[in-house]
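**Q** Sharing a structure, written as structure tokens. Questions coming.
The values are calculated or read from the model by the stated rules, or taken from the named source; none is laboratory data. What you see is a predicted model, and the numbers here were worked out from it, not measured in a lab. Cβ: placed from backbone, ideal geometry, glycine included. Neighbour counts: every protein chain shown. The protein model used for the area step is the full one, side chains on, heavy atoms only, and it has no ligands, DNA or RNA in it. Shrake-Rupley method; radii C 1.70, N 1.55, O 1.52, S 1.80 Å.
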Amino acid sequence: MNAPFKKVLIANRGEIAVRVIRACHEMGIRTVAVFSEADRDALHVRYAHEAYLIGPPPSSESYLRIDKILDVARHSGAEAIHPGYGFLSENDAFSRACREAGVVFIGPPPEAMEAMGDKVRSRELMTKAGVNVVPGSPPLTDGKDAVRYAERIGYPVLLKASSGGGGKGMRVVRSSTEMPSLLAQAQGEARSSFGDETVFLEKYIERPRHIEVQVLADAHGNCVHFGERECSIQRRHQKLIEESPSPVIDAKTRETIGAMAVTAAKACGYVSAGTVEMLRSADGSFYFMEMNTRLQVEHPVTEMVYGVDLVKAMIDIAGGAKLPWTQDLIVARGHAIECRIIAEDPARNFMPAPGLIRALRGPSGPGVRYDGGVYGGYTVPVHYDPMLAKLITWGGDRNEAAARMVRALDELRVDGVKTSIAFHRRVMTHPAFLAGELHTGFLEEHPELLFSGTDPWLSEVAVLAAAVHHFRRLEQLSLRAPQAAASGRTSTWKRGAHVGWRR
Ligand code: MV4
């Protein structure tokens, strides 16, 4: 099929900008990058056909500037904009501004983003559509109101911000005496983070698994799902490892939660790639949590298992194409795992560790996909998320994918900055991970994973050092000593000329 656009602007940076550029180039679409003053040397600037400076390093003055990005679209003649993830990707005002400027937004319509952006509203919409949501309350007015709803739901309950996301403004409440102070805290955090202090209550699901369903919807009313991803290995709402399929989901459950996700997407008039986040409680129940109205970081695990290019699909859908699949044509094969390679120190609370990457060797070989945004000699800027790359492995089954991940992590060398590589290797060989015993408290339950025993790279260096020492000793024993013993008449000078001068 012909590409729907001649030129696309990528309103992002780092690995996802590179990922989108790759899809465009495969489709024969010319690409336009935008970059901040901190990103003159960035990889996405080098890969795109054209690149435009849009402002100083802070994202509020560059990657979040709708006006500047639309100026570049007009100036360069780009007909469409892909927002990637983060930055403006879930900003309904941006989707609307594109529409008004006559530029195609490669993502959902603003109305769907608005409907899903407000938690209270999306809960209502999902309940009406018949989607299973966590038992909860309407927006709370005061402490008394909150206690009344909490008693009806049953403790423990969770206070959540209606405009929230990423766990901000969330508080677990275990009894009525805690309610007044925790309510005030949640409201305060919601106001300062989102400028909206609306909070509500939900039944608190203990140690849930985070399972999300990938959907694709076109503008003609068709919607399909591509199974689930499990993202239970996370730290303070930052996902670190994701996989598809989830080790606990069978074909029948997949059909059920897939249908749930399609219902959710249709209920809000969704178009493009989207993700329906669910919690799975220990008893196996699934609850709708929220819908992410963007392409997600972890989309490659779905691509590997389903043999689909979600970014190309987004571009075709934005150009008005109908989905080329019906649900029965979407078939999973094997298992994929993703490790986020971040410039952070796991042993120091995942403290960001940006800086100069002195050398870098990317892994490759069977079943390996390496989506990187950096190169050797590049300095990771302090202004943005320090994710360097995503390493994804595919295998016929979960064990093969995990074994390939260990092998690929060993091939991957990042010199100069602290990274999560050794941490990932420890997880990949941990019995609880290999048994598929995942939940959102996994790292709290296994804190030993955060600290390095011996870095496998260092043990390799130690083996080499031992070998060098060993062979030097051998030389001393077998070359010098026997020679000296066998020919007592050989002068020290002659021996020196033959074997070199040694201690
Ligand atoms: C919950 C929950 C337990 N019960 N809701 C965290 C961020 C937001 N996306 C939803 N979150 C949660 N909502 C109820 N009713 C537990 C979490 C949660 C979580 C969810 C997904 C992935 C990691 C998490 C870590 C801690 C808490």
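**Q** Could you give the nm distance between label points at D397 and E178, where each point is 7 Å from its Cα heading toward the beta carbon?
**A** Result for the modelled spin labels: 4.2 nm.
**Q** Could you give the length gained on full extension between K144 and R22, defined as 0.36 nm per residue of separation minus the Cα-Cα distance, in nm?
**A** 38.4 nm
**Q** Classify the stretch 201-351 from the C-alpha gyration tensor, please: rounded if a/c falls under 1.5, else prolate or oblate depending on whether a/b exceeds b/c. Write down the numbers at each step before the final one.
**A** On the way: a/c = 1.71, a/b = 1.38, b/c = 1.24.
It comes out prolate by the Cα gyration axes.
**Q** If you roll a 1.4 Å probe over the heavy atoms of the protein chains, what accessible area per residue do you get for the stretch 332-374, in Å²?
**A** The answer is 42 Å² per residue.
**Q** Further question on the same structure: Taking the Cα centre of the stretch 235-328 as origin and charging only Cβ (+1 Lys, Arg; -1 Asp, Glu), how large is the dipole, in debye to the nearest 20? Present the calculation step by step, with values, prior to reporting the outcome.
**A** Working: 10 positive and 12 negative charges, 48 e Å.
My answer is approximately 240 debye.
**Q** Just list whichever of K119/K266; K239/K418; K6/K312; K168/K239; K168/K266; K119/K144 have alpha carbons separated by over 20 Å in the model shown.
**A** Details: K119/K266 17 Å; K239/K418 18 Å; K6/K312 14 Å; K168/K239 15 Å; K168/K266 28 Å; K119/K144 22 Å.
Going by Cα-Cα distance, K168/K266; K119/K144 fall outside the 20 Å limit.
**Q** Classify the stretch 264-409 as rounded, prolate or oblate, taking a ≥ b ≥ c as the square roots of the eigenvalues of its Cα gyration tensor: rounded when a/c is under 1.5, otherwise prolate if a/b is larger than b/c and oblate if not.
**A** Cα axes put the stretch 264-409 in the prolate bin.
**Q** Next question. Quick one: if you stick a label point 7 Å off each Cα along the C-beta vector at A282 and R361, how many nm between them?
**A** 4.5 nm
**Q** Return the FRET efficiency for the residue pair D41, E100: r is the Cβ-Cβ distance, R0 is 41 Å, and the value is rounded to the nearest 0.05.
**A** 0.75
**Q** How much accessible area per residue does the stretch 1-48 have, counting only protein heavy atoms and a probe of 1.4 Å, in square angstrom?
**A** Numbers: 1860 Å² over 48 residues.
In whole numbers, the stretch 1-48 has 39 Å² accessible per residue.
**Q** Just want the answer: with Cβ charges of +1 for Lys and Arg and -1 for Asp and Glu, which residue in F5, L159, A265 is farthest toward the dipole's positive end in the chain?
**A** So the residue we want is F5.
**Q** Can you pull out the chymotrypsin sites (Phe, Trp or Tyr not before Pro) in the stretch 416-475 whose DSSP state is coil and whose Cβ has at most 15 other Cβ atoms within 10 Å?
**A** Here the sparse-neighbourhood loop sites are F451.
**Q** Work out the charge dipole of the chain with +1 on the Cβ of Lys and Arg and -1 on the Cβ of Asp and Glu about the Cα centre, then indicate which of M116, G102, Y384 is farthest towards its positive end.
**A** Y384
**Q** So which trypsin sites (Lys or Arg not before Pro) in the stretch 68-174 end up in coil per DSSP with only 14 or fewer other C-beta atoms within 10 Å? Walk me through the numbers on the way to the answer.
**A** Working: sites: K68, R74, R96, R99, K119, R121, R123, K128, K144, R148, R152, K160, K168, R171, R174; in loops: K168, R174.
Taking the stretch 68-174 and a limit of 14 other Cβ atoms within 10 Å, the loop trypsin sites (Lys or Arg not before Pro) found are R174.
**Q** Just to verify a number: what accessible area does Y270 come out at with the full protein assembly present, 1.4 Å probe, Å² rounded to tens?
**A** 10 Å²
**Q** Still on this structure: With only Lys, Arg, Asp and Glu charged, each at its Cβ (+1 for the first two, -1 for the last two), find how big the charge dipole of the chain is about the Cα centre; round to the nearest 20 debye.
**A** 2120 debye
**Q** Test of understanding: what is the full-extension gain from H49 to Q476, defined as 0.36 nm times their sequence separation minus their Cα-Cα distance? Don't skip to the answer; put the middle values down first.
**A** Numbers: separation 427, 0.36 × 427 = 153.72 nm, distance 6.02 nm.
Working it through step by step, the gained length comes to 147.7 nm.
**Q** What shape does the stretch 231-291 have by the C-alpha gyration tensor, where a ≥ b ≥ c are the square roots of the eigenvalues, rounded means a/c under 1.5, and otherwise prolate means a/b greater than b/c and oblate the rest? Each step should come with its number before you reach the end.
**A** Numbers: a/c = 1.80, a/b = 1.24, b/c = 1.45.
Taking the square roots of the gyration eigenvalues as a ≥ b ≥ c, the stretch 231-291 is oblate.
**Q** If you average the sequence gap of Cα pairs under 8 Å that are 6 or more apart and divide by the length of the stretch 112-179, what percent do you get for the contact order?
**A** Relative contact order here is 28 percent.
**Q** Where both partners of a DSSP beta bridge lie in the stretch 1-134, what percent of those bridges are antiparallel, to the nearest 5?
**A** Around 0 percent antiparallel, to the nearest 5.
**Q** Looking only at the chain, where both bridge partners belong to it, what percent of the DSSP beta bridges are antiparallel (to the nearest 5)?
**A** DSSP beta bridges in the chain are roughly 80 percent antiparallel.
**Q** At q = 0.09, 0.13, 0.14 Å⁻¹, what log₁₀ I(q)/I(0) does the chain have when each alpha carbon counts as one equal point scatterer in the Debye sum?
**A** Listed by q, the Debye log ratios stand at -0.67, -1.35, -1.54.
**Q** Continuing with this model, one more query. Would you work out what percent of the accessible area of the chain, with all protein chains in place, is carbon or sulfur (probe 1.4 Å)? Walk me through the numbers before you get to the answer.
**A** Details: 11600 of 22060 Å².
It is 53 percent, rounded to a whole number.
**Q** Between L329 and R191, what is the spin-label point distance in nm, taking each point 7 Å from the Cα along the Cα→C-beta axis?
**A** In this crude label model, L329 to R191 measures out at 5.4 nm.
**Q** Let me ask you something else. Given I315, Y375, C339, which one lies farthest toward the positive end of the charge dipole of the chain, if we put +1 on the Cβ of every Lys and Arg and -1 on the Cβ of every Asp and Glu?
**A** Y375
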